[in-house]
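The structure appears right after this line, and notes come after that.
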Amino acid sequence: MMFLSSYENKIDKKGRVSVPAAFRSNLNSMGYNGFVTYPSFNHPALEACSQERVEQLSNTIDSLNPFEEKRDYFATSVLSESENLQFDTEGRVSISEKLLKHAKIKNNVLFVGLGKTFQIWEPKNFEKFKAFARKKAFQNRSNLKWENNQKGEK
C-alpha cells in the first residue's frame, strides 16, 4: 500500500479533521482503524504511519546499545511523543494541541503522501518546503537509480 498525493482539509470547531479516504482505505486494508503520528525531526510537520511501521522503528531503536545515549534520545523523541489517532465513524481524527503547535497548524491541514508513510503539514509551510525540495531533487537527480528488478521492464 502506498500513500500518494496531497489532500487539504479543514479542522472543524471541535478540533477534528477528516483523513483522506485513500489514506483511510490503505490503513484499513492493513488492519488499522487509525494511525500513529509524532513530531518530525526535520520539519515543522508531523510524521504519520501505521502501527507496524512504528514497531519497526521501535525495533531499530531497541537494536542500539542499551547504554548508549542516542538510544534514549531516539526513544524519547519518537516513541514518547507518538500519539495513536483512531478514526471516528466519519473518518476523522483529533490531533492534540501539542502536535498542532509543533506543525504550526491552525485551521487547515495538508496530508502529504510519501509512499509507505505520510506527513501532516500546515499548507503554506509545505508549499515553501515543496519548492525547496523540488530544487534539491533536481540537483541530486543523478543519485536516483532505477533498478531493473521488474521482468524485462526498463
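Can you tally the net charge around residue 58? Count Lys and Arg as +1, Asp and Glu as -1, for every other residue whose Cβ sits under 12 Å from the Cβ of residue 58. Please list the in-between numbers first.
Numbers: positive: 53, 71; negative: 52, 55, 62.
After counting each charged neighbour, the total is -1.
With θ set to phi - 60°, apply the Karplus curve 6.51 cos²θ - 1.76 cosθ + 1.60 along the range 35-40 and write out the HN-Hα couplings as whole Hz, x wherever there is a Gly or Pro.
7, 9, 9, 8, x, 5
Return the long-range amide H neighbours of residue 45 (sequence gap of 5 or more, or a different chain), with a cut-off of under 5 Å between placed amide H atoms.
Counting only residues 5 or more places away or on other chains, the set is 40.
Measure out, as a whole number of angstrom, how far apart the alpha-carbon centroids of the range 26-53 and the range 86-127 sit.
Taking the Cα centre of the range 86-127 as reference, the centre of the range 26-53 is 10 Å away.
Could I have the simple spin-label model distance between residue 52 and residue 22, label points 7 Å from Cα toward Cβ, reported in nm to one decimal?
With each label point 7 Å from Cα toward Cβ, the separation is 2.0 nm.
Hey, which lysines would be in cross-link range of residue 145, C-alpha to C-alpha under 29 Å, not counting anything within fewer than 8 residues on its own chain?
Within the straight-line cut-off, residue 145 pairs with 116, 128, 130, 135, 136, 154.
Taking 0.36 nm per intervening residue step and subtracting the Cα-Cα distance, what contour gain separates residue 131 from residue 101 on full extension? Please report the intermediate quantities before stating the final value.
On the way: separation 30, 0.36 × 30 = 10.80 nm, distance 2.29 nm.
That works out to 8.5 nm of additional length.
Please check: in the Gaussian network model of the chain (C-alpha springs, under 10 Å), which one of 85, 100, 144 has the largest mean-square fluctuation.
144
I'd like the chymotrypsin sites (Phe, Trp or Tyr not before Pro) in the range 1-89 restricted to DSSP loop residues with at most 15 other Cβ atoms within 10 Å, sorted by number.
Answer by residue number: 41, 67.
Springs between alpha-carbon pairs under 10 angstrom, Gaussian network model over the chain: which of 83, 122, 69 fluctuates most?
Greatest mean-square fluctuation among the candidates belongs to 69.
About the Cα centre, and with charges only on the beta carbon of Lys, Arg (+1) and Asp, Glu (-1), how big is the dipole of the chain? Nearest 20 debye, please. Could the numbers behind the result be given before it?
Working: 24 positive and 18 negative charges, 182 e Å.
Result for the chain is approximately 880 debye, rounded to the nearest 20.
Which value in Å does the Kirkwood hydrodynamic radius of the range 6-141 take, with 1/r averaged over all unlike C-alpha pairs and then inverted? Intermediate results must be reported in sequence, preceding the final value.
Values: mean 1/r = 0.0631 Å⁻¹.
Roughly 15.8 Å, rounded to one decimal.
What is the distance, in nm, between label points placed 7 Å from the Cα along the Cα-to-Cβ direction at residue 124 and at residue 75?
Simple spin-label model gives 4.1 nm for this pair.
Describe numerically, in nm with one decimal, the distance between label points set 7 Å from Cα along Cα→Cβ at residue 30 and at residue 4.
Reported label-point gap for residue 30 and residue 4 is 1.7 nm.
All of the numbers you see were taken from the coordinates with simple rules; none came from a lab. Remember, it's a predicted structure, so these values are computed and weren't measured experimentally. Ideal geometry is used to build each Cβ from the backbone, glycine not excepted, and the neighbour counts take in all protein chains shown.
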